[in-house]
Each structure stands twice: as C-alpha cells, then as structure tokens.
Amino acid sequence: KNNDTLISTTNSAKHNSNLKPVSPFGTTMTEQQQHHQPNSSITALPRLVTMLIIPLTLLTYLSPAQAFHIPISTSTTTTTSRRISTPLRMATAGPMNVRAIGIGSAAPKTIITNKDLESCVETSDEWIRTRTGIEQRRVLLHPTENKEDEEERHESLQTLGIAAAKNALEMSGVEGSDIDLVICATSSPDDLFGDSTSIAHALGCKDAFSFDLTAACSGFLFGVVTAGQFMDREGSGVKRAVVVGADALSRWVNWDDRNSCILFGDGAGAVVLETTNGDGGGPGILGYSAHSDGSRCGELNLSYKGVKRSLSAGDGVDVSTGAYNFITMNGREVYKFATRDVPSVLEEALEAANMSVDDIDWLLLHQANIRIMETISKRFDIPMSKVITNLSEYGNTSAGSIPLALDEAVRSGKVKKGDVIACAGFGAGLSWGSAIIRWG
C-alpha cells in the first residue's frame, strides 16, 4: 500500500471494425432497411438537408474553439517517442486571449508536523519525508468558541478562499466590483450548495455570476480553462474573472490510516484573469489539454455513505441522512497514473500551444508527491531547480496546491512577467489536465 511505485498503463481507444450503416438520425439500419432504401433524388434530398442542418445547428451551441476541435480520437507523437490514443473524454485547444494579472493564497494557522503524527499513527518523520517530500501541513480546526485567537476561531474554507482572492485582487489592482465571473474549484466546500457566491459577495463582486466546480486536484486548472472559455468568446460580457482553488481534505482523511493522513493539508489560492483582446498583450493561456476517466474512479474517491433513518409515515420507509466515507486511495495505482498520464497531457498542451519543452521557464505540478515531480521532470529533462514546489510546507492541498505554489513563486520574484509555466493537475475522477501559461 505504499505510494511509491512508478509505472502504469493508459487506456487506449478501441476501434470497432464491424460498424453498421446508420441513418441520418444516428440510428443503426438493419440489412432489410439497407436493401429497401429508395434511390430517387426526391427522397434523398430531404435526407441530405437533414444531414447538413443537424450538425450546423449543433455548432451554434458551441464556442468557436469547441466547434472546430472535437477530437473523437487523437494520436500524438510525443517527445518520448510514444504514441497516445484517446477517446472523446479529451478536450484540447490552443491560445486564448486571457492573461493572469494577480495571484494570492491563504492557509490555516495550525501546523501539524511529521513529528506530531508520530504520536497518532505508526510512522516517522524520516519515513514520510523520504516517500512523499512532505514535512508539515496546515489544517483547519474544529469550530469552537473557546479559542483565544479570533482569526483562528473563525477559519473555514470560505475564509481561506476569500483571503486568497483578496490578495490576488490587491496584486492585480482590480476592484471586486469590476469582476464578472467567480469560480470556486473545491471538493470540500463549507456549503454543499457551493461557496462561490459567498466568496463573490465578500469580495464585493456585485454584478458577477459565480459557481463551484468540482474536479478534485485538477479543479483549479479546469476552473482557469473554464473561465477562459467565457472570456475568450466575443460578446460573452465576461472581461475579468476570479478563479479560486480551495480544499480542506483534512476533514475527510482517516487520522488512524498512516497511508493517507500524512498526505493532505488545507489551503487556498486564487488568480485574477482579464481578457487581452485588442490590447497588444497577446494570449496568456497558450494551450491546454484535459482528460477524465471514470472507469478508474475507484482508485481515489470520497464516496457517499449515509446513515439510515426510518420513517413511520405510510407503510414505513428508510431514508438516508447525509454522511461520507473517508478518502480511499490506491496509492500504488495513483502513482502509476500520475507518472504515466501527466507527461502525456503536458505534451498535448505544449503541442496545442505550438511550443516545445525548450520554451518552458518553469514546471508547476499538483503538489502531491515529490517523487512524482522528480519522475516527470526527468522525463522532460527539466532540472528540479526549474520545478516550482512548496509541498514540504503544505502537503497535498488538492485544488489549492497549484495557485498556492504559484503565489509564493511570484511573490518571491522567482516567476517574472513573461515567464512560461507548464502546469499540470491530476487526481480523483480520475481527472488530469495541463495548461501552458505566460505569466502577467
């Protein structure tokens, strides 16, 4: 059950050689129907018109990028001389006229070190550090009125998301009232109906629409790409957006399980995006690619459990009162998945951006395990000095990990305006994605 295996397999598209003819409406025709198809031009004309109108009608519901990039099966020659083939669960596109102009982050005040965990489970600081790269993590505490520290007493996922977004807005010089869209990427909201509206309200985003997005550790990058789709579309009305990535997975780990409780921490990061149409700044999102594969969801999930409640109404029924299991993870398989599929999705995003590894200034991966980062950096021949990481200080903060690490890199002066950052997120779903971003 250790989280330190390296190699995996990737699902490949299977091609059906026994395809049957289909009607213009997509239904399969029997042999009898095929033999009785009329050949007159009078009958064929309406069918031809239908075949043309239906696809054109569907295109009106898609963005320009979607309309002309719907890959049913994609083959890409990678820098490692592998060919990958993926079905329709993939989305990819090139530059979008959107750029990041502000970044911020926030983390709980309470720190739990590896030494602290030695008294909770059978583990050691050395064991955790050498296998994960983590030295400590920040966690939200159970709410109580007994805490002397007022700030710590009221810490929550929403307050972390709000603080991160306020820091990002301050850096950008944009007022909350000028934001048109707020997306909160999280799998652990304070409010199961969504935290984004509360965050938007606290930021003063009076005219923005907002929603939560759930994609676990891929959530922040999926959120950035989703915001970019709105902003890159002329006439959408969305000129500026705030994307928050925030999670509190310490609430959902089994603190008696040494294989999972050592990994996760709580934190949030946020980015402010604005359109670049006509200002000469050029696109900031240079290319992206995203995948998901529900056939492997059992490798990493947080499933509904529920508690039975019997009702006496009528003949009597048993309903379910809401509750969830702890996070369950097959560490071996997740490690294989990350070290195999993440390099591929980075290559796809680079290809969409018409760039190569030589064009990258920084590599920023979801902060899950230092061995994953080392393996992927070696695959691309990128030195660890060009890999952005703060995993040792925060652990795996899920959707918060990429913006939290990027915020520290920008504020420390490591990442400068114009730098190209290859980002990749991966996690539950399973889901994985990459975006090539030019900072500033």
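The values are calculated or read from the model by the stated rules, or taken from the named source; none is laboratory data. None of the values given here were measured: they were computed from a predicted structure. Cβ coordinates were reconstructed from backbone atoms using ideal geometry, including for glycine residues, and neighbour counts include every protein chain displayed. SASA here: full protein model, heavy atoms, side chains in, ligands and nucleic acids out. Shrake-Rupley method; radii C 1.70, N 1.55, O 1.52, S 1.80 Å.
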Determine whether I134 is among the β-branched types (V, I, T), open to solvent by less than 40 Å² (accessible area, probe 1.4 Å) and in contact with a Gly (Cβ under 9 Å, 6 or more places away or on another chain).
yes
Among L391, L365, the single one that is at pLDDT 95 or above, out of contact with any Phe, Trp or Tyr (no Cβ under 6 Å at 6 or more places or on another chain) and under 14 Å from A424 (Cα atoms) is L365
For L363, indicate whether it is over 22 Å from I162 (Cα atoms) and surrounded by fewer than 23 Cβ atoms within 10 Å (Cβ to Cβ).
yes
Those residues of the stretch 226-235 which are open to solvent by 10 Å² or more (accessible area, probe 1.4 Å) and touching a Leu at 6+ places or on another chain (Cβ under 9 Å) amount to T226, F230
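For every residue, the table says whether it meets (1) over 25 Å from the mean Cα position of the chain (by Cα); (2) at pLDDT 90 or above; (3) open to solvent by 70 Å² or more (accessible area, probe 1.4 Å).
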| site | (1), (2), (3) |
| --- | --- |
| C261 | no, yes, no |
| F264 | no, yes, no |
| A268 | no, yes, no |
| D279 | yes, no, yes |
| L286 | no, yes, no |
| A290 | no, yes, no |
| C297 | no, yes, no |
| V307 | yes, yes, yes |
| G314 | yes, no, yes |
Mind checking which residues of the stretch 385-400 are in a helix (DSSP H, G or I) and surrounded by 24 or more Cβ atoms within 10 Å (Cβ to Cβ)?
L391, Y394, S398, A399, G400
Let me spell it out: the conditions are (1) hydrophobic (A, V, I, L, M, F, W, C); (2) part of a helix (DSSP H, G or I); (3) surrounded by fewer than 18 Cβ atoms within 10 Å (Cβ to Cβ), and M373 meets all of them except one. Which number is the exception?
(3)
A164 touching a residue at least 60 places away in the same chain (Cβ under 8 Å), in contact with a Phe, Trp or Tyr (Cβ under 9 Å, 6 or more places away or on another chain) and either open to solvent by 60 Å² or more (accessible area, probe 1.4 Å) or not aromatic (F, W, Y) (or both)
no
For the stretch 194-204, the count of residues that are more than 19 Å from the chain's Cα centre (by Cα) and either loosely packed, with under 15 Cβ neighbours inside 10 Å or at positive phi (or both) equals 1
Positions within the stretch 209-235 being small (G, A, S) and either in contact with a His (Cβ under 8 Å, 6 or more places away or on another chain) or over 21 Å from R438 (Cα atoms) (or both), in sequence order
S210, A215, A216, S218, G235
Strands (runs of 3 or more DSSP E) wholly in the stretch 263-315 with at least 3 residues that are closer than 28 Å to A353 by Cβ - which ones?
266-275, 285-292
Being without any contact (Cβ under 8 Å) to a residue 40 or more places away in the chain and within 21 Å of E347 (Cα to Cα) is the filter here; which residues of the stretch 415-440 pass it?
G418
Quick check on the stretch 405-420. Is at least one of its residues under 11 Å from the mean Cα position of the chain (by Cα), surrounded by 24 or more Cβ atoms within 10 Å (Cβ to Cβ) and closer than 20 Å to A268 by Cβ?
no
